[in-house]
1. Residues that are closer than 19 Å to Lys13 by Cβ, assigned to a helix (DSSP H, G or I) and of a type in the set (Gly, Ala, Ser): does the range 64-77 have at least one?
2. Of (1) surrounded by fewer than 10 Cβ atoms within 10 Å (Cβ to Cβ); (2) over 25 Å from the mean Cα position of the chain (by Cα); (3) modelled with pLDDT of 85 or more, Ala84 satisfies all except one. Which?
Amino acid sequence: MAKTDKKLLKSLKARGLRKRTAVDVVRATSGATKSRAARRVVADLSSVVDDVSDRLREGPQRRSASAKKAARTRKRKARARTEAAKRGARKRTAAR
């Protein structure tokens, strides 16, 4: 391992990553053999980072609120269409 790889390994382990995972990450980022396991570890770590950052920005709550608002809008629009159809039907029967 090169000097920078050892620095990265030390840094990852200091941040709480397990040794085996840290070694896989270092191998994936360096020019060494880019094994499937190393790429998978990097993908897993990035998905965890995305998930944590999403929760910190209160993404799930915001999406839930947006979904509820959308459902209310759909119901309101459907009710309006129903009322309009009923008014039209009454006009057509009155015109006969």
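1. No.
2. (1)
The values are calculated or read from the model by the stated rules, or taken from the named source; none is laboratory data. If you're wondering where the values come from, they're calculated on a predicted model, not measured in any experiment. Cβ coordinates were reconstructed from backbone atoms using ideal geometry, including for glycine residues, and neighbour counts include every protein chain displayed.
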